Amino acid sequence: DNELLLLRQRLFGERLANTAVCPQCSERTEWENPVGELMAGQPGPGQIDGDHEILVDDYRIYFRLPASKDLARIDPEQEPDSAVAMLLEGCISRALFRAEPCELDELPKEVIDAVGRRIDELDPQAHMDIRLTCPSCAHEWPVVFDAGRFLWAEISDWAERMLLAVHELASAYHWQEADILALSPMRRQLYLGMVR
């Protein structure tokens, strides 16, 4: 996510603008954040790829932090408990109970919860929750920010706008696509303004 946010910053600038619908009154709410604010608390060198361990009662768990590929394997329609189990299965390399290997499905809920809390401590950026307040009803709620989905939506919107600009300029001036794309963004906008 950190790399995606850096890419987003280079492509589209420092300010993120987004909308959300209030779950209380269905009012559409706009919010804005600086990219740097979302990048705070990123894991240090070696934390993402390295192995970690946690000792909870008589259980010793060896794990790594979840990555995008782990999250991509989870079906959004999946039951939350099943999704957590699938995520942990990919991230836990070894589980011991009193120094003896044990199966993941034998781990008590307290142990799984402790692993989850430790993952959050090691990578606070894993859950990018933004607290919003509805301007209409003052309801407060958290919105999960998905950097990959947000960036992909922005790239898709940009590509669509670029295709429309190419179509307008090619139709008006009979220029080739490569020539239109070679124009600087400012010149392209000036020509579009004259066409419109």
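Looking at 89, 77, which is the one that is outside any helix (DSSP H, G or I), open to solvent by 100 Å² or more (accessible area, probe 1.4 Å), among the charged types (D, E, K, R) and modelled with pLDDT under 85?
On the way: 89 fails: outside any helix (DSSP H, G or I).
Only one candidate qualifies: 77.
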Point to revise | Pair list, Cβ under 6 Å, 6 or more apart: segment 72-88 residue free of Cβ contacts under 8 Å to residues at least 60 places away in the same chain, other residue part of a loop (DSSP other than H, G, I, E, B) | key: 83/74; 86/74; 87/66
Revision key, fill the gap. Across (1) surrounded by 13 or more Cβ atoms within 10 Å (Cβ to Cβ); (2) at pLDDT below 85, residue 50 clears everything bar (1)
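Matching residues to (1) aliphatic (A, V, I, L, M); (2) not in a helix (DSSP H, G or I):
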| site | (1), (2) |
| --- | --- |
| 130 | yes, yes |
| 141 | no, yes |
| 151 | yes, no |
| 169 | yes, no |
| 178 | yes, no |
| 181 | yes, no |
| 188 | no, no |
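Yes/no per residue for (1) open to solvent by 90 Å² or more (accessible area, probe 1.4 Å); (2) touching a Phe, Trp or Tyr at 6+ places or on another chain (Cβ under 8 Å); (3) at pLDDT 90 or above; (4) hydrophobic (A, V, I, L, M, F, W, C):
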residue: 9; (1), (2), (3), (4): no, no, yes, no
residue: 27; (1), (2), (3), (4): no, no, yes, no
residue: 36; (1), (2), (3), (4): no, no, no, no
residue: 41; (1), (2), (3), (4): no, no, no, no
residue: 54; (1), (2), (3), (4): no, yes, yes, yes
Revision key, fill the gap. Residue 121 passes all but one of the listed conditions (1) farther than 23 Å from residue 73 by Cβ; (2) at pLDDT 90 or above; (3) among the charged types (D, E, K, R); the exception is number (2)
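For the condition of a type in the set (Val, Ile, Thr), surrounded by 11 or more Cβ atoms within 10 Å (Cβ to Cβ) and modelled with pLDDT of 90 or more, what is the one hit in 84, 111? Quick ask: steps written out before the conclusion?
Numbers: 84 fails: modelled with pLDDT of 90 or more.
Step by step, each of 84, 111 is checked, and only 111 is of a type in the set (Val, Ile, Thr), surrounded by 11 or more Cβ atoms within 10 Å (Cβ to Cβ) and modelled with pLDDT of 90 or more.
The values are calculated or read from the model by the stated rules, or taken from the named source; none is laboratory data. The structure presented is a predicted model; accordingly, all values stated were derived computationally and were not measured. Virtual Cβ from ideal backbone geometry, glycine too; neighbours counted across all protein chains shown. Each accessible area value is taken on the protein alone, full model and side chains, heavy atoms only, with ligands, DNA and RNA left out. Shrake-Rupley method; radii C 1.70, N 1.55, O 1.52, S 1.80 Å.
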